[in-house]
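Just below is one structure, and these are the notes that go with it.
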Amino acid sequence: MYTNYFQVTALVLIALISTHYFSHKRLSNVENRLFANFLALGGIYVALDLICGFFAEKGCGTRRQTAEVVFTLYYLCTVILPYMFFCYVRIITGRQKEKYKWLKTAWFVVPVGMCLAVLLNIRIRWLFDFNKNGLLTKGFFHDMIYVYIAFFALIIAYFTARYGKTAEEEIRQTIWRFLGIETGCLAVQLLTGRWLLTGFGVAAGLWLIYLTLNNPGDYTDSMTGLFDKQYFDKWIGEKIYRKDSFHLLAVDACNMKQLNRIYGTSAGDQLLIQLAKGIQEITGSLQVFRVTGNSFLVVLDSLSDYEKARDEIREFLKKPFHIGKENVTLHAAICGIMNAEKMEKEDILLAYIEYMGSLSQNTEETVLIQSDSRLLEGFRYEQEVEHFLRKAVEEDLFEVYYQPVYSIKKQSFITLEALSRLKHPTLGMIPPDVFIGIAEKQGLISEVGKLQLRRVCCFIKEHEYIMQNIWNVKFNLSPSELMKPGYSRVLIGIIQEYGLNPAYFQFEITETVATEYSESFCTAIEDFAEAGIHMCLDDFGSGYANLNAVLRIPFSAVKMDRSLLMNVCTDKQAALFYHSIVMTMQHMGYKVIAEGAETEEEVKLLEKWGVDMIQGYYFSKPLDKKKLLEKIS
């Protein structure tokens with residue numbers, strides 16, 4: 001007597017999975033389509049298994065032809081399901097694009113051969129038959145079904161062990177668990193002969209896959225209801241691989257940080273929800289994603305839909321958003337890419353979107369940035385620099401140039417600023433702000449800093465006599481370097497390694513860093529002071545620094561940003577402002593350094609105002625070691 005409770009349970013389980021799965025919105029991709037087919041075929045297989053159990057137990061009686069059709073369909077499902085699971089494994093491990101010669105037999109010949117064998121059973125009866133009493137009898141070929149299932153289980157296990165290493169741990173674990181569940185159920189069924197567990201094993205495996213890998217709810221942003229970046233990465237990669245034409249719009253809410261400060265984060269969340277809803281209503285598409293906190297992506301398949309959505313989103317963002325009784329203006333960067341499939345890889349596509357968005361930083365209105373050849377060329381340039389930067393760090397390809405600071409009183413150069421330079425073999429000299437910005441983004445800036453400090457130490461050690469007339473060498477530190485715990489001691493250790501006096505060095509930090517106090521930052525400042533390294537505030541007046549920020553840190557010198565020097569010779573207000581700051585700083589005991597002096601008229605004004613130290617092209621550009629020694633000797 002066969003036990004059918006497991007098939008009934010399996011049918012209920014698959015019905016629950018199907019109800020939940022198909023009630024969620026989801027994108028159309030190979031993985032989703034194959035899982036949906038797998039789910040449908042699994043349900044059919046379990047239903048047929050239940051009916052076959054009934055016929056096997058009760059006999060087919062006068063319904064012999066019906067029973068033969070049911071059993072034939074059942075065995076066809078038995079053949080197709082392992083093959084379908086293998087296809088699914090290739091997709092979720094990211095190996096569907098690759099071809100393996102050793103798989104040709106498993107991929108085509110064996111499944112097709114087994115399907116033909118099942119269909120030929122109607123004539124040859126080598127798989128199953130019914131006796132004159134209508135009871136099921138097994139043919140001599142019947143056990144080949146189990147051999148076939150074992151063959152595919154081994155193929156899947158071997159494939160996962162060998163080629164699944166690049167897949168996520170959760171994916172690999174799910175595959176092994178599915179194999180374990182189905183193998184266990186099949187073994188129990190073979191041993192008992194009456195517990196029909198294979199269908200239950202399929203249902204349990206599908207439930208496992210649904211919970212861990214194919215639950216649409218796992219790819220939905222909880223706040224806006226849009227799909228998230230994880231789903232975008234999986235889906236867009238497939239579109240690019242198939243070379244499907246598509247166009248992309250990115251919407252980045254630029255002033256959300258400011259709005260959160262003014263109205264609170266809950267109001268900011270409401271703004272993002274309204275923005276997401278507006279974008280989805282305008283496009284009328286499921287293909288809308290929230291990829292970061294304030295950034296949304298829209299994928300459109302036709303050029304006319306893309307142009308319509310681009311223009312309507314732009315108009316939508318011109319209108320105020322309503323938060324309670326407040327009318328709030330949201331400033332955004334709308335980045336558009338036509339024929340985005342030409343980017344070839346999803347990570348390059350996302351990097352290009354990020355690059356386009358960076359061009360609109362600090363905007364105070366909604367702007368549209370449309371991709372063109374000039375922008376793409378700039379992005380390719382940055383990508384090449386980014387690629388080269390890792391090699392430059394590994395092989396220490398950076399150079400150090402020095403810009404001397406002139407003293408009007410001494411009529412000589414009295415200090416130096418060390419400046420990083422990087423030369424690409426084909427692109428030439430890369431602007432410092434470009435490669436430093438990329439180094440900070442990649443988390444390489446501390447490595448660059450250590451390499452450059454070693455070069456400076458080596459230069460001073462080799463020419464220590466110059467320090468008789470040069471007060472110190474100024475060395476720039478980035479915010480990420482100062483915020484890194486223990487990094488200050490690493491820098492001090494490098495100086496000590498060369499046996500140099502720490503007083504030879506003056507570390508420069510920008511005013512942005514000075515306003516962002518943290519425990520690591522305070523510790524670094526204390527470490528430098530204890531070692532005898534002085535601090536200099538760089539670019540004062542270019543951003544948000546104030547006297548309170550200056551007073552909190554033991555600076556010995558302040559550099560006036562070059563932007564403050566503009567128009568001082570022609571604008572009385574600009575001149576008065578500059579002079580006032582200089583007087584204030586000098587009265588507080590700071591040494592003042594004027595940056596960016598390029599004309600004799602500017603130098604004379606600075607001298608008149610009592611500014612002694614001047615750094616600018618009027619006296620010297622940044623120089624390599626050889627030219628510097630000639631200049632200051």
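General observations
- Estimated FRET transfer efficiency when R0 is 51 angstrom, pair L136-N215 (beta carbons, to 0.05): 0.85
- Counted over all Cα-Cα pairs of the range 162-240, pairs farther apart than 21 Å make up 47 percent.
- Positive-end ranking of Y306, V291, L271 along the dipole of the range 245-323, with charges on Cβ about the Cα centre, is headed by L271.
- Here, the range 572-633 is characterised by an Rg to Rh ratio of 1.06, where Rg is the alpha-carbon radius of gyration and Rh the Kirkwood radius.
- Using the average count of surrounding beta-carbon atoms within 10 Å as a protection proxy, the listed peptides 571-578, 524-531 rank, highest first, as 524-531, 571-578.
- Entry for P(r) over Cα pairs in 10 Å bins from 0, in percent (calculated from the structure that is shown) out of [x] 3, 12, 16, 16, 15, 13, 9, 7, 4, 3, 1, 0, 0; [y] 3, 15, 24, 26, 21, 10, 2, 0, 0; [z] 3, 16, 27, 26, 16, 8, 3, 0, 0: [x]
- When you filter the GluC sites (Glu not before Pro) in the range 567-633 for DSSP loop state and at most 15 other Cβ atoms inside 10 Å of their Cβ, you are left with E598.
- Rounded to 0.05, the FRET efficiency of the A187 and A157 pair, given R0 = 25 Å and the Cβ-Cβ distance, is 0.95.
- The range 299-357 has equivalent-ellipsoid semi-axes of 28, 15, 8 Å, by the square roots of 5 times the alpha carbon gyration tensor eigenvalues, sorted largest first.
- DSSP-defined beta bridges in the chain - what % are antiparallel, rounded to 5: 55
- In the chain, a dipole from Cβ-located charges (positive for Lys and Arg, negative for Asp and Glu) runs towards its positive end, and of L16, Q370, A418 it is L16 whose Cα lies farthest in that direction.
- Pairwise FRET efficiency - L368 versus K608, Cβ, R0 = 45 Å, nearest 0.05: 0.40
- Using the Stokes-Einstein relation with a Kirkwood hydrodynamic radius computed over Cα pairs, the translational diffusion coefficient of the range 1-73 at 37 °C and a viscosity of 0.692 mPa s comes to 236 µm²/s.
- Within the accessible area of the chain (1.4 Å probe), percent carbon and sulfur: 55
- Placing unit charges on the Cβ atoms only, positive for Lys and Arg and negative for Asp and Glu, gives the chain a dipole magnitude near 2520 debye about its Cα centre.
- If you take all other residues with their beta carbon under 12 Å from the beta carbon of C569, and give Lys and Arg +1 and Asp and Glu -1, the sum is -2.
- Distance between modelled label sites at S304 and E57, nm, 7 Å Cα→Cβ extension: 6.0
- Accessible surface ranking for S302, S488, S23, 1.4 angstrom probe, highest first: S23, S302, S488.
- Reported value for the range 341-418: 168 Å³ per residue, from the convex hull of its C-alpha atoms.
- D_trans [Stokes-Einstein, Kirkwood Rh over alpha-carbon pairs] for the range 386-434, 37 °C, 0.692 mPa s, µm² s⁻¹: 259
- Relative contact order (%) - the chain, alpha-carbon pairs under 8 angstrom, separation at least six: 9
- Neighbour cut-off at most 14 other Cβ (10 Å), DSSP loop, trypsin sites (Lys or Arg not before Pro), the range 21-55: K25
- Rotationally averaged projected area of the range 263-415 (alpha carbon convex hull; nm²): 15.5
- Computed over the chain, the per-residue total of -39500 (n - 2.57) for DSSP H runs of n ≥ 4 gives a 222 nm mean residue ellipticity of -17500 deg cm²/dmol, rounded to 500.
- Cα-based helix-to-principal-axis angle, 303-318 vs the chain, degrees rounded to 10: 50
- Accessible area per residue for the chain, computed on protein heavy atoms with a 1.4 Å probe, is 49 Å².
- Taking 0.36 nm per residue of separation and subtracting the Cα-Cα distance, full extension of the segment from N327 to E281 would add 14.5 nm.
- Extension gain for M467-K410 works out to 19.0 nm (0.36 nm per residue, less the C-alpha to C-alpha distance).
The values are calculated or read from the model by the stated rules, or taken from the named source; none is laboratory data. As the structure is a computational prediction, the values presented were derived from the model and not from experiment. Positions of Cβ are backbone-derived with ideal geometry, glycine not excepted, and every protein chain shown enters the neighbour counts. Side chains are part of the model used for accessible areas, which takes the heavy atoms of the whole protein and leaves out ligands, DNA and RNA. Shrake-Rupley method; radii C 1.70, N 1.55, O 1.52, S 1.80 Å.
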